[in-house]
Amino acid sequence: MGSNIPSEPLLEREFGVSKITVRGAIQELVQEGYLEKGSGRGTRVIRNKAASKLSKWKHFTEILVESGHRIQKRWLAVELIALEADGANAELGDLLSAKEKQKLTAEFGSRCLRLVRMYLLNGQPFIYYIHYVTPLLEGLELMDLSEQSLYELLEEQGLSLDQLQDEFGAVQVPAEAASALGLEINTPVLRRSRTSRDEFGKLIEYSVGFYHTELQSYIVNYEA
């Protein structure tokens, strides 16, 4: 413990895997508490014994699939939108609060990418998700997302996610999400927002999702 692991290029050559695979494995070990990443000083081993399984959990959609449900993901739109200095931007619609709109402008500048996708649960609209992504991915098309995940595309551009923060809350569904999910406006739904930053704290992606919890409640399974 206390020593640095080999560099990413060395691990790629030694195990014959891609940069994305190496970074994903390192990030998983960081999240599980085995490694610690430090800017300018490499990645250090901080623990060599397994932690309690209570620190591990499966993705919500994985739990649903294992329970016999059918999950489909569909990308609906990719567009470059302009951001206004005061955050009063019609292109951002009614999905974000004034504070969130100002945050995007402050961190992304004059523009960002807006990506829209839908999760279907057993063929019914279930989660409406909107991703606001760094303009460094300008030129991204729907076809690109059909071949690779968003996070793989970010990795290819050298944009490695290091800090993720999720927030959950109960809200009245706004008009855009209500229309997509087939709900009445102001129906109570679960709202999830995610802030994704790189190792330097720079915002790479901000996303919001609206869950039709009348179809299925949100589940988190922990292994004892």
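Here, each number is a calculation from the coordinates, and none is a lab measurement. Computed from a predicted structure; not experimentally measured. Glycine also receives a Cβ, built like all others from the backbone with ideal geometry; neighbour counts cover every protein chain displayed.
Taking the number of other C-beta atoms within 10 Å as the exposure measure, put 118, 143 in order starting with the fewest.
Numbers: 118 16, 143 9.
So the residues, fewest neighbours to most, are 143, 118.
For residue 83, enumerate residues with amide H under 5 Å from its amide H, sequence gap 5+ or separate chain, H modeled in the peptide plane.
111, 112
List 84, 167 from most exposed to least, where exposure is judged by having the fewest other Cβ atoms within 10 Å.
Working: 84 14, 167 10.
Least to most surrounded, the residues fall as 167, 84.
Given labels modelled 7 Å from the Cα in the Cβ direction, how far is it in nm from residue 19 to residue 94?
4.3
Among all stretches of the chain without exposed chymotrypsin sites (Phe, Trp or Tyr not before Pro) (DSSP loop, at most 14 other Cβ atoms within 10 Å), which one is longest? Could the numbers behind the result be given before it?
On the way: sites that count: 200, 218.
Result, exposed sites excluded: 1-199.
Give the angle, between 0 and 90 degrees and rounded to the nearest 10, that separates the Cα long axis of helix 98-108 from the longest principal axis of the Cα atoms of the chain.
So the inclination is approximately 40 degrees.
Let me have the 222 nm mean residue ellipticity of the chain computed from DSSP H runs of 4+ only, each contributing -39500 (n - 2.57), with the sum over all residues rounded to the nearest 500.
Numbers: 7 runs with 59 residues, N = 224.
The helix contribution divided over the chain gives -7000 deg cm²/dmol.
Could you give me the ³J(HN,Hα) list for region 116-129, computed from phi with Karplus coefficients 6.51, -1.76, 1.60 and θ = phi - 60°, whole Hz, x at Gly and Pro?
10, 9, 10, 9, 9, 10, 6, x, 10, x, 10, 10, 9, 10
Sort 78, 45 so that the residue with the fewest other Cβ atoms within 10 Å of its own Cβ comes first and the one with the most comes last.
Working: 78 20, 45 14.
By the 10 Å Cβ count, ascending: 45, 78.
Would you kindly give the portion of the calculated P(r) for the chain that falls above 26 Å, as a percent of all Cα pairs? Spell out each step's value before the answer.
Values: 11355 of 24976 pairs.
When all Cα pairs of the chain are counted, 45 percent exceed 26 Å.
Which GluC sites (Glu not before Pro) in region 137-166 sit in a loop by DSSP (not H, G, I, E or B) and have at most 10 other Cβ atoms within 10 Å of their own Cβ? Could the numbers behind the result be given before it?
Numbers: sites: 138, 141, 147, 152, 155, 156; in loops: 138, 141.
Sparse-neighbourhood loop GluC sites (Glu not before Pro): 141.
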